[in-house]
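Encoded as structure tokens, the structure appears first; notes follow it.
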Amino acid sequence: MLAPSSLSKLETENNDYCAVQSSGLFVGKIGGQLTHVKDGSFAGQSIVRGAPVAILAADMSLFAVLGSVRSWNSK
């Protein structure tokens, strides 16, 4: 389990990719074009290997639900 504030990137079993930057999140498929979710967040979810993760937009609306987390890198 990892706190969202410690995350630099994650990959899912569906080949989803999410990178954390100071301006928000970058989400897409591994090797594909990434979408910038300005001020996006995980809203305090714990990142757990094997569990899906939700991405929230700046207004706290649901932007995406990614597949089950396969791996992550911490800061």
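The values are calculated or read from the model by the stated rules, or taken from the named source; none is laboratory data. This structure is a prediction, so every number in the text was calculated from the model and none was measured. So basically every Cβ, Gly included, is an ideal-geometry build from the backbone, and we count neighbours across all protein chains shown.
With the requirement that a residue be crowded, with 16+ Cβ neighbours inside 10 Å, over 9 Å from the mean Cα position of the chain (by Cα) and modelled with pLDDT of 95 or more, what does the range 13-34 give you? Answer for the range 13-34, where residues must be crowded, with 16+ Cβ neighbours inside 10 Å, over 9 Å from the mean Cα position of the chain (by Cα) and modelled with pLDDT of 95 or more: just Gly28. The strands (runs of 3 or more DSSP E) found wholly in the chain and carrying at least 1 residues that are of a type in the set (S, T, N, Q) and in contact with an Asp or Glu (Cβ under 6 Å, 6 or more places away or on another chain) occupy 69-74. The condition of being of a type in the set (A, V, I, L, M) and either loosely packed, with under 15 Cβ neighbours inside 10 Å or modelled with pLDDT of 95 or more (or both) holds for only one of Ala57, Ala3, that being Ala3.
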